[in-house]
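Peer 1: So that we are looking at the same thing, I have put the structure below in structure tokens.
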Amino acid sequence: MKVAVLSANLGNFDTPSEPVKQEGIEYSFHCYTDEDFPPITGLTPRFQYRIPKLFGWQMFPDHDIYLWLDGAFTLSEPDSLQWFVDQLGDNDFAFFAHPNRKTIKEEVDHIEEYLNKGNQYLVSRYQNGLHKEQYKDITLDEDYIDDALFHSGVFIYRDSEHSRDVMRLWWMHQSRYWTCDQVPLPYVLKDSAVKVMPGQPDKCKYLKRVSNHA
């Protein structure tokens with residue numbers, strides 16, 4: 001078993017931090033930067049970093065398992081990676097639950113409320129994003145029950161045709177509606193075996209926050 005730990009720091013958005021050397025497991029670490037993934041005309045760094053986030057299995061192939069870390073996080077303990085692999089177990093994916101909201105609707109309502117208030121954090125990221133249209137599209141699936149929301153900054157998945165199809169669908173939703181990537185995530189995972197990891201990234205002993213950016 002070989003594990004890839006992937007991250008990205010495009011446009012010098014975050015403070016790069018090499019993870020603590022991991023023990024007892026074969027792994028590779030790579031953080032995409034402007035040097036090896038230079039700016040693509042027409043894409044903001046925040047959109048471009050989602051390419052390795054969703055397609056690391058194409059860009060960094062020949063691994064069995066992929067752990068994604070947004071640039072704000074790094075591994076803090078020598079056994080951090082083993083902990084994440086253990087969390088994944090035989091599942092397709094493992095995610096943390098969202099710390100503040102529990103459904104897609106709650107997330108969409110939160111984004112809309114704070115955009116209307118002129119919240120600069122959300123305005124700078126999601127102004128005129130099509131989150132409401134996206135939610136309407138999701139609700140057209142009468143078999144889907146909106147009962148989960150995940151933190152999308154740290155997750156682990158097993159490489160398979162199924163997980164690749166999930167990533168492709170997640171990308172389609174993000175590029176079509178361009179808003180918070182957490183909005184469509186529970187929906188695209190609806191047919192997957194998902195482990196909900198205990199705790200939250202900010203309070204997980206196996207992670208360290210290295211940037212205040214989300």
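The values are calculated or read from the model by the stated rules, or taken from the named source; none is laboratory data. All figures in this text were calculated on a predicted structure; none of them were measured in a lab. A quick note on method: Cβ atoms are made from the backbone with ideal geometry, for glycine too, and the neighbour counts reach across all protein chains shown. In case anyone asks, the SASA skips ligands and DNA or RNA and just uses the protein heavy atoms, side chains included. Shrake-Rupley method; radii C 1.70, N 1.55, O 1.52, S 1.80 Å.
Peer 1: Taking only protein heavy atoms into account and a 1.4 Å probe, give the accessible area per residue of the chain in Å².
Peer 2: Values: 10490 Å² over 214 residues.
Ligands and nucleic acids excluded, the figure is 49 Å² per residue.
Peer 1: Count neighbours as other Cβ atoms within 10 Å of each site's Cβ, and list the chymotrypsin sites (Phe, Trp or Tyr not before Pro) in region 64-164 that are DSSP loop with at most 16 such neighbours.
Peer 2: The qualifying sites are Y144.
Peer 1: Would you kindly derive the ³J(HN,Hα) couplings of region 112-127 from the backbone phi angles with the Karplus curve 6.51 cos²θ - 1.76 cosθ + 1.60 (θ = phi - 60°), listing them in order in whole Hz, with x for Gly and Pro?
Peer 2: Once θ is set to phi - 60°, the couplings for region 112-127 become 5, 4, 7, 5, 5, 7, x, 4, 5, 4, 7, 4, 5, 10, 10, 4 Hz.
Peer 1: Taking the Cα centre of each part, how many Å lie between region 120-186 and region 69-106?
Peer 2: When both Cα centres are located, 16 Å separates them.
Peer 1: If I take R0 = 25 Å and measure r between the Cβ atoms of R101 and K136 in this structure, what FRET efficiency does the formula 1/(1 + (r/R0)^6) give, to the nearest 0.05?
Peer 2: 0.85
Peer 1: Under a point spin-label approximation (7 Å from Cα along Cα-to-Cβ), what is the W178-H162 distance to one decimal in nm?
Peer 2: With each label placed 7 Å out from Cα toward Cβ, I get 3.4 nm.
Peer 1: Within the chain, what whole-number % of the accessible surface is contributed by carbon and sulfur, with the 1.4 Å probe and all protein chains included in the calculation?
Peer 2: 48
Peer 1: Taking the Cβ of Q200 as the centre, find all other residues whose Cβ is under 14 Å away and add up their charges (Lys, Arg: +1; Asp, Glu: -1).
Peer 2: +4
Peer 1: Using a 10 angstrom cutoff on alpha carbons, build the Gaussian network for the chain and name the most mobile of K102, K21, K117.
Peer 2: K117
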